[in-house]
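The values are calculated or read from the model by the stated rules, or taken from the named source; none is laboratory data. The structure presented is a predicted model; accordingly, all values stated were derived computationally and were not measured. Here Cβ is always computed from backbone atoms with ideal geometry, including for glycine, and neighbour counts include all displayed protein chains.
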Amino acid sequence: MAPSGPSVLPAPDPLHALLASVWPRLHTAIPLAASLGADWAAMSRAFVHPPAGAPPLAHAGVLEIPMIIDGVATRVAGIHAVCTAAQARGQGHARRVLEPAIAWAQGWATTLLLHAVDPALYERFGFRAIEQWVFAADVVQPPRTRTLRLLDHRDRADVARVFAAFAGRVPVSQVLGIGEAAPLFVLDEVLACGGFGRLWWSEPLGCVVAATLEDRLLQLYDVVGPRWPALETLIAAFDGRVDRVEVFFAPDRWPEQRWTRRPCMPPDVLMVRGPFTDADVVVPPLARC
Ligand SMILES: CC(C)(COP(=O)(O)OP(=O)(O)OC[C@H]1O[C@@H](n2cnc3c(N)ncnc32)[C@H](O)[C@@H]1OP(=O)(O)O)[C@@H](O)C(=O)NCCC(=O)NCCS
């Protein structure tokens, strides 16, 4: 039977109740993503305060993001979902979970990153803000092949296609690329769209394309598959005219294009602790933590 998203939600455990009290969307996104194979508890190591027994008042999660940074395969630790219950803020609880989370992550990763609403908070913990860029180019519409179709998270075969596409995927960039991080990709898509809203499948290209096409502007968030398509081939696969492309990853795999850049303006700021690239980059939206 195809997963259709839970109509009756199971009672959230105390940690999920805390997370959902801060980010209400997580209340439905966590179980839906889990039903698709992206299990929050399996991908994120939780640091909570108090550590055991009493309901958690504060949380910091750590997940592993396989990345390519300046051509080197790197296990990056992503710190995410840092929060303190509203009634318990300003008492040092976030520090009580962040310090052990960072210490644990440093045991296996030299580079830690996160996305911050309040960068000043994380500067206290050794993180620095990194500007992110979106890359844009005007393009000439190639003859259309229209080989893309939208994937449906209620179709088990489509969900399986997404996970399969990550096996041996070509990272989108050698400057800042993402490896086999399918669960994070699915979780991010569910968080953004409440299901699969921007994921396309191309049978001939054998890849999943995360993108939107609106008013002749193609915004490309990720391309996941074992081969890297030419940009022209990708554009031709969409059923709609494209005059301009914006790429939400460093576009070094399409060097023939003349790219301009604009600051990426997400609601929050990329912050890094440890070695990182000096190049102009952006963390692809479906690899954000
Ligand atoms: C941000 C948040 C996690 C802080 O939790 P908290 O338990 O109140 O934080 P703490 O009391 O442990 O503060 C830790 C340190 O950060 C500082 N700090 C706390 N909130 C801060 C903020 N918004 N901006 C800058 N510094 C901040 C504190 O002064 C303290 O500094 P010190 O230990 O050097 O004296 C909490 O306000 C929250 O859950 N907000 C909603 C969710 C959210 O925005 N999460 C962060 C996503 S980036």
Residue in region 86-100 that is surrounded by the fewest Cβ atoms within 10 Å (Cβ to Cβ), counting only those that are among the charged types (D, E, K, R) and more than 6 Å from the ligand (Cβ to nearest atom): E99
Among the residues listed as A54, A103, the single one being surrounded by fewer than 18 Cβ atoms within 10 Å (Cβ to Cβ), within 16 Å of the ligand (Cβ to nearest atom) and part of a loop (DSSP other than H, G, I, E, B): A54
Residue, modelled with the lowest pLDDT, within region 260-278, restricted to residues that are farther than 14 Å from F135 by Cα and surrounded by fewer than 17 Cβ atoms within 10 Å (Cβ to Cβ): P266
Cβ-Cβ under 9 Å pairs, at least 6 apart or on other chains, region 201-213 side at pLDDT below 95, far side surrounded by 15 or more Cβ atoms within 10 Å (Cβ to Cβ) and assigned to a strand (DSSP E or B): L205/L148; L205/V223
Filter result for W228 (surrounded by fewer than 22 Cβ atoms within 10 Å (Cβ to Cβ), in contact with a helix residue (DSSP H, G or I) (Cβ under 7 Å, 6 or more places away or on another chain) and modelled with pLDDT of 95 or more): no
Boolean, D188 is among the charged types (D, E, K, R), crowded, with 22+ Cβ neighbours inside 10 Å, within 16 Å of the ligand (Cβ to nearest atom) and more than 21 Å from V242 (Cα to Cα): yes
Within region 106-117, tally of residues that are within 16 Å of the ligand (Cβ to nearest atom) and either among the small types (G, A, S) or surrounded by 23 or more Cβ atoms within 10 Å (Cβ to Cβ) (or both): 4
Any hit, region 267-281, residues being closer than 28 Å to R146 by Cβ and either in a strand (DSSP E or B) or not small (G, A, S) (or both): no
Odd one out for C83, checked against (1) within 16 Å of the ligand (Cβ to nearest atom); (2) of a type in the set (A, V, I, L, M, F, W, C); (3) without any contact (Cβ under 8 Å) to a residue 40 or more places away in the chain: (3)
R288 being within 16 Å of the ligand (Cβ to nearest atom), closer than 24 Å to G71 by Cβ and not aliphatic (A, V, I, L, M): yes
Residues satisfying the stated conditions in region 232-287, i.e. touching a Gly at 6+ places or on another chain (Cβ under 8 Å) and of a type in the set (D, E, K, R): R273
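Does at least one position in region 131-147 carry a residue that is near the ligand (Cβ under 9 Å from one of its atoms) and surrounded by fewer than 20 Cβ atoms within 10 Å (Cβ to Cβ)?
no
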Scan of region 231-252 for residues that are of a type outside the set (F, W, Y) and either part of a loop (DSSP other than H, G, I, E, B) or modelled with pLDDT under 95 (or both), ordered by number: D239, G240, R241, V242, D243, A250, P251, D252
Odd one out for A88 among (1) in contact (Cβ under 8 Å) with a residue 24 or more places away in the chain; (2) within 21 Å of the chain's Cα centre (by Cα): (2)
Test: residue in region 30-38 that is in a loop (DSSP other than H, G, I, E, B) and either basic (K, R) or within 10 Å of the ligand (Cβ to nearest atom) (or both): no
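Can you say whether E123 is within 16 Å of the ligand (Cβ to nearest atom) and acidic (D, E), as far as the supplied structure shows?
yes
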